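The values are calculated or read from the model by the stated rules, or taken from the named source; none is laboratory data. Since the structure is predicted, the reported quantities are computational estimates derived from the model, not experimental observations. When we count neighbours, we look across all protein chains shown, and the Cβ atoms used for this are built from the backbone with ideal geometry, even at glycine. When the accessible area is computed, the model is the full protein with side chains, heavy atoms only, and any ligands, DNA or RNA have been set aside. Shrake-Rupley method; radii C 1.70, N 1.55, O 1.52, S 1.80 Å.
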Amino acid sequence: MEKVLLMRPSQIRWENERKRLAPPLGLLYIAGILKERYEVFLLDVPLEGYDVEAATSKQGLYRFGLDEEEIKRRIVEISPDVVGIECNFTYCWGETLRLAQIVKEINREIVTVIGGHHTMGMSKELTQSSAINYVVEGEGEAKILRLLDWIFHHSFASEDLFRLPVEPALDLLEAELYKPEMSSHINPQGKHFVYLSSRGCPINCKFCTTSNYFGSKLRLLPIGLVERQIEKIKKLGFEEIVFEDDNSLFMPRDYRKEYFSIPKNLGLTAFDDGGLYFSKTKERDVELLAECGVYGTFLPVESPSIKTMHRQNKYWELTEGEQVSKLKEVANWLTKAKIVFYCAIMIGFPGEGKKELRKANDYARFLKELGAVAVFFHWTHPYPGTELFRDTYSLIPSNRRFEKYPEFWNFNKPVLPLRDISFEEAEAYIENSFVEINGPGVSRNPGFDIKRRVIY
Ligand code: SF4
């Protein structure tokens, strides 16, 4: 039986970012389908090397994960025929490529396959590197199985395999290594597992990869299967389920009720980090969350300008100005139901400048007054696989393009040119606003206090 090694590359972070890290659910699903026909291993470089930090050549940027010597030793020990590397985040593209190069330095015969959100529409560019043999674009389970069957057996797996709901290979997870401080949401109440039972989104926002990656139709795992999976997750020692479904409001109400109740029924806590699509939220949706025992949620309010959101194909049900009264309504319902919430505002859309940044600052203060426990600012990025990428990537200056400067492609850094303010000034303005609005006790990303690292 051929050996397949699935890997998550080391991660980079800016000094003022949280060291968030969730279980690699995508890789576990890939492992779940491959293990029917291949011997599958998982090497989670940033998890196993969570405390191994190293400075990079760039001021304020560090890397964490197993060091290269240990990575090489582990690959040699497993001696895989195939290495599959996850690249879900554009800012980790450099780490992904380096990992593929390490594999090829060990043995050029090992087949390398890259998958994840960053690869959407990028196969041609990514396979320019001699370290990458194949790119799997979009949902990977069926594609990678077919690819490997074709490479090793010149045949394809039976279609029946794809009709079954795939189960993530939770047995490969090194559950004991996860810690609450790896959370990307506010105040986790214990060791948490980031879970989702849905794929696809009918909204098709221009800045988001989801509809392109998973399709525009919302698909749901059968509730019985979800229950069994969450039971297994509990047995692994996790204490909280963080729901990451982007659009739970679009799930049928009965399904949503059963789904969100599972953690409470199993004695676990639950946080809805996929969040509420606020413009469509009704009071009974908030009451349902409370009834199911969900203690917190995310309100991704995005731009203060509804016209900007319309240009991104979002919030068509609201006209300019209506979002203020709608947000007041939703915030009141959440407060009444004793559900904590945090918000995020998207800034730096094409053509924005000082005026829009000031408006974002005012909007954040307004959200804080409504009761948000924290308000974050997310710089807009035209990620590969989005319509925004096709429309605006050419506007990005060469010193912010992801091919050479992927570290600028996280929420903390602007990349799209601003009308009348430099990147540095804009970043400083937003950093100050963030601290003024939230106080010094909240980190730049949702979570705990900033831990300043002395690397240099
Ligand atoms: S941002 Fe949310 S609503 Fe828009 S396409 Fe992505 S998942 Fe759907």
For the range 192-202, give me each residue that is assigned to a loop (DSSP other than H, G, I, E, B) and open to solvent by 30 Å² or more (accessible area, probe 1.4 Å). 196, 202
Identify, please: which residue in the range 279-309 is β-branched (Val, Ile, Thr) and closer than 15 Å to residue 328 by Cα and is, among those, nearest to the chain's Cα centre (by Cα)? 301
Search the range 244-267 for residues being part of a loop (DSSP other than H, G, I, E, B) and either within 16 Å of the ligand (Cβ to nearest atom) or in contact (Cβ under 8 Å) with a residue 60 or more places away in the chain (or both), and hand back the single one that is farthest from residue 302 (Cα to Cα). 251
Taking the range 118-135 and keeping residues of a type in the set (S, T, N, Q), surrounded by 14 or more Cβ atoms within 10 Å (Cβ to Cβ) and in a loop (DSSP other than H, G, I, E, B) leaves 127, 129, 133
Could you tell me whether the range 29-41 includes any residue that is surrounded by fewer than 17 Cβ atoms within 10 Å (Cβ to Cβ) and either among the aliphatic types (A, V, I, L, M) or without any contact (Cβ under 8 Å) to a residue 24 or more places away in the chain (or both)? no
Checking the conditions here, which among 230, 241, 186 is part of a strand (DSSP E or B), within 20 Å of residue 295 (Cα to Cα) and not assigned by TED's automatic domain parsing to the domain that holds residue 137? 241
Scan of the range 228-256 for residues that are charged (D, E, K, R) and under 23 Å from the mean Cα position of the chain (by Cα), ordered by number: 232, 234, 239, 240, 244, 245, 246, 256
What helices (runs of 4 or more DSSP H) completely inside the range 1-81 contain at least 3 residues that are under 22 Å from the mean Cα position of the chain (by Cα)? 25-34, 45-48
In the range 117-135, anything in contact with a helix residue (DSSP H, G or I) (Cβ under 7 Å, 6 or more places away or on another chain) and touching a residue at least 40 places away in the same chain (Cβ under 8 Å) is listed as 117, 118, 119, 120
Subset of the range 404-434 [free of Cβ contacts under 8 Å to residues at least 12 places away in the same chain and charged (D, E, K, R)]: 404, 424, 425
Within the range 86-107, can one find any residue that is crowded, with 17+ Cβ neighbours inside 10 Å, polar (S, T, N, Q) and in contact with a helix residue (DSSP H, G or I) (Cβ under 6 Å, 6 or more places away or on another chain)? yes
